[in-house]
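Each remark here refers to the structure printed beneath this line.
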Amino acid sequence: MNNASCRIINGILAVALAVLYILFFSQGKPAAAEPAEAVSTSPAGARIAYINADTLDAKYEWLKEQKSAIEQRMRSAEKSLNAKKEKLMKDMAAFQKRYESGTVAPAELEQEYNALMKRQQQLADEETYLVNSLAEEQQKAMNELMTTLEEKLQTLQSELGYDYILSYSKGGGQVLLANDSLDVTERVLKLLNARAEQQAPAENK
């Protein structure tokens, strides 16, 4: 389960980097929007801003809560499965000794063997279910993140009048260097975390 679980956690840790693939085209600059310092205008007239994916990953409270919840569930599942596996191994070792003693009837040994094999298959099925369940949970979180992010970026689009918003990650991604004056990450985080705070009371009811 470890490799599969790690892939799941790596997926949720990399969710913020998916912003790299978000590209918004405005059909025209809003008439009421004033030019903002955090927006760059290229020679062709395109207006560009970017989000620091590393900062988004570190400071978006909802995302941190989702990662923590999945990691906690993974640890709990691994603990439970490992305990069951250890118990099964001990029972298999005891069965081996009974078999080698030659004092147990073949019919009884066969019954014990079948029961052990059934438990082994049940553990394998449980492990598969948990891995798939965690993957579904990760995908659900990613879909919700992208929906929320798109909504908030569209809000910023009307405020700043950008044509493109890119994702920047130090040491990775395709934007190798960025001007800090174009960074709108804090604005996006403010919108995202405000929404998370508004949703929290409703979810706790």
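Yes/no matrix, rows are residues, columns are (1) farther than 30 Å from K90 by Cα; (2) surrounded by 14 or more Cβ atoms within 10 Å (Cβ to Cβ); (3) touching a residue at least 12 places away in the same chain (Cβ under 8 Å):
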position: N114; (1), (2), (3): no, no, no
position: K118; (1), (2), (3): no, no, no
position: A124; (1), (2), (3): no, no, no
position: M142; (1), (2), (3): yes, yes, yes
position: T147; (1), (2), (3): yes, no, no
position: K152; (1), (2), (3): yes, yes, yes
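Against the conditions (1) in contact with a Ser or Thr (Cβ under 7 Å, 6 or more places away or on another chain); (2) over 30 Å from A58 (Cβ atoms), E100 satisfies every one except (1). Which members of segment 135-173 meet the condition of being among the small types (G, A, S), on the phi < 0 side of the Ramachandran plot and either outside any strand (DSSP E or B) or modelled with pLDDT of 80 or more (or both)? If the condition is that a residue be among the small types (G, A, S), on the phi < 0 side of the Ramachandran plot and either outside any strand (DSSP E or B) or modelled with pLDDT of 80 or more (or both), then A135, A141, S158, S167, S169 are the ones that fit.
The values are calculated or read from the model by the stated rules, or taken from the named source; none is laboratory data. As the structure is a prediction and not an experimental result, all values here were calculated from the model. Cβ sites come from the backbone with ideal geometry, for glycine too, and all protein chains shown count toward neighbours.
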